Amino acid sequence: MDKLLANKVCIITGAAQGIGKSIAEHFAADGAVVYACDRQKGSMDEWVKSCAATCNTKVFPLYFDVTDAMAAKTAFMTIFKQEGRIDVLVNNAGVIFNKKIGMILREETELMFRVNVIAVIEMVQLVSRLMARGHSGSIVNIASITAVLGSPGQSAYAATKGAIVSFTKSAAKELAGQGIRVNAVAPGIVRTERFAELYEANGEKIDTRIGRIALGRLGTPDDVAAACVFLASDKASYISGQILGVDGCASI
Ligand SMILES: NC(=O)c1ccc[n+]([C@@H]2O[C@H](COP(=O)([O-])OP(=O)(O)OC[C@H]3O[C@@H](n4cnc5c(N)ncnc54)[C@H](O)[C@@H]3O)[C@@H](O)[C@H]2O)c1
């Protein structure tokens, strides 16, 4: 069977762990040339080597903070010069503070908006100029089920993901004329390192959460990655401006 992303040049942010790492691994397995981005130097050096060898493709670690627009620009220009094009950007890097209203610090809200929203808008601006040169590209933003369902203790975080949903739809309409598709994936609760920190460390019963999920289990990073592979691929060439829920039927 043909690989869905054969030779596509793909950038994935927040790829050191969790959902982003899984997206990078799935993209490599589907033949993409992967630029795995994260902020902590050295954090991806080991797994990208074994991933490249296993998948027989190129996987590069790239270290920058997504809130540093100059660093992001330099990274994207370097990739563009090296590869001659950029086909896919997955905006996955994100931060969350679980805080009830009345307890949320301004700095926490600001950081969430800087990483989850402003950086995404800036990177879409940067990459769309480069994609437009080839009149082709696919951008996938990682939103969240909380954007549409709401979640107690996550109001500020949910607001950032709501912004991503709105931005995705407008950007899709605006960039369609340049051959660029923009979609979002909205995961439900996904078992990642962060998930463990947020819920399990609080002693919260996971079973109560699972009870609200019709398919009867939490999501996995692989579930989210599979949706990203599809939206990034040419199989989705007539799909843009969509918010694809990957939530076990929890959001309807
Ligand atoms: N895990 C869930 O239940 C869940 C549910 C819905 C949506 N999401 C979204 O999925 C995405 C990934 O979530 P996760 O659970 O894998 O999180 P995670 O915390 O495990 O991983 C996030 C990654 O982003 C990186 N990152 C954070 N800030 C950065 C910055 N300024 N510059 C560069 N890299 C940065 C981190 O270093 C980390 O590697 C996030 O956007 C999150 O909001 C997660």
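The values are calculated or read from the model by the stated rules, or taken from the named source; none is laboratory data. Values in this document were obtained by computation on a predicted structure and should not be read as measured data. Reconstructed Cβ throughout: ideal geometry from the backbone, glycine too, with neighbour counts over all protein chains shown. Surface accessibility is based on the protein's heavy atoms, side chains included, excluding ligands, DNA and RNA. Shrake-Rupley method; radii C 1.70, N 1.55, O 1.52, S 1.80 Å.
Quick one: which of LEU62, LEU4 is more than 16 Å from the ligand (Cβ to nearest atom) and either surrounded by fewer than 23 Cβ atoms within 10 Å (Cβ to Cβ) or under 16 Å from the mean Cα position of the chain (by Cα) (or both)?
When all the criteria are applied, what remains is LEU4.
Kindly list the number of the only condition in (1) touching a strand residue (DSSP E or B) at 6+ places or on another chain (Cβ under 8 Å); (2) surrounded by 15 or more Cβ atoms within 10 Å (Cβ to Cβ); (3) over 24 Å from GLU110 (Cα atoms) that fails for VAL90.
Against the list (1) touching a strand residue (DSSP E or B) at 6+ places or on another chain (Cβ under 8 Å); (2) surrounded by 15 or more Cβ atoms within 10 Å (Cβ to Cβ); (3) over 24 Å from GLU110 (Cα atoms), VAL90 comes up short only on (3).
Please find, among ILE252, ILE239, the residue that is assigned to a loop (DSSP other than H, G, I, E, B), over 15 Å from the mean Cα position of the chain (by Cα) and either of a type in the set (Lys, Arg) or over 30 Å from SER136 (Cα atoms) (or both).
Result of the check over ILE252, ILE239: ILE252.
Among the strands (runs of 3 or more DSSP E) contained in the stretch 1-115, which hold 1 or more residues that are among the charged types (D, E, K, R)?
In the stretch 1-115, 33-38 are the strands (runs of 3 or more DSSP E) which contain 1 or more residues that are among the charged types (D, E, K, R).
Restricting attention to the stretch 170-180, does a residue exist that is in a helix (DSSP H, G or I) and of a type in the set (S, T, N, Q)? Break it down into steps so the answer makes sense when it comes.
Initial filter on the stretch 170-180 (in a helix (DSSP H, G or I)): 170-178.
After this cut, where a residue has to be of a type in the set (S, T, N, Q) as well, the list is 170, 178.
Looking for residues that are in a helix (DSSP H, G or I) and of a type in the set (S, T, N, Q), one finds at least one in the stretch 170-180, hence yes.
Hey, among the residues in the stretch 98-129 that are polar (S, T, N, Q) and open to solvent by less than 70 Å² (accessible area, probe 1.4 Å), which one's farthest from the ligand (Cβ to nearest atom)?
SER128
Which residue out of ALA93, ALA75, ALA16, ALA71 is within 11 Å of the ligand (Cβ to nearest atom), at pLDDT 95 or above, farther than 23 Å from GLY179 by Cβ and out of contact with any Lys or Arg (no Cβ under 9 Å at 6 or more places or on another chain)? Give the derivation first.
Working: ALA93 fails: out of contact with any Lys or Arg (no Cβ under 9 Å at 6 or more places or on another chain); ALA75 fails: farther than 23 Å from GLY179 by Cβ; ALA16 fails: out of contact with any Lys or Arg (no Cβ under 9 Å at 6 or more places or on another chain).
None of the other options fit; the residue is ALA71.
Being closer than 18 Å to ILE213 by Cα, surrounded by 15 or more Cβ atoms within 10 Å (Cβ to Cβ) and out of contact with any helix residue (DSSP H, G or I) (no Cβ under 7 Å at 6 or more places or on another chain) is the filter here, so list the residues in the stretch 142-178 that pass it.
Within the stretch 142-178, ILE145, VAL148, LEU149 qualify.
In the list VAL246, VAL182, VAL190, which residue meets the criterion of being open to solvent by less than 70 Å² (accessible area, probe 1.4 Å) and closer than 18 Å to LEU89 by Cα?
VAL182
Of the residues SER151, SER166, which single one is in a helix (DSSP H, G or I), over 21 Å from GLN17 (Cα atoms) and over 14 Å from the mean Cα position of the chain (by Cα)?
Being in a helix (DSSP H, G or I), over 21 Å from GLN17 (Cα atoms) and over 14 Å from the mean Cα position of the chain (by Cα) holds for just one of SER151, SER166, which is SER166.
For the stretch 181-220, which positions are assigned to a loop (DSSP other than H, G, I, E, B) and within 9 Å of the ligand (Cβ to nearest atom)?
GLY188, ILE189, ARG191, THR192, LEU218
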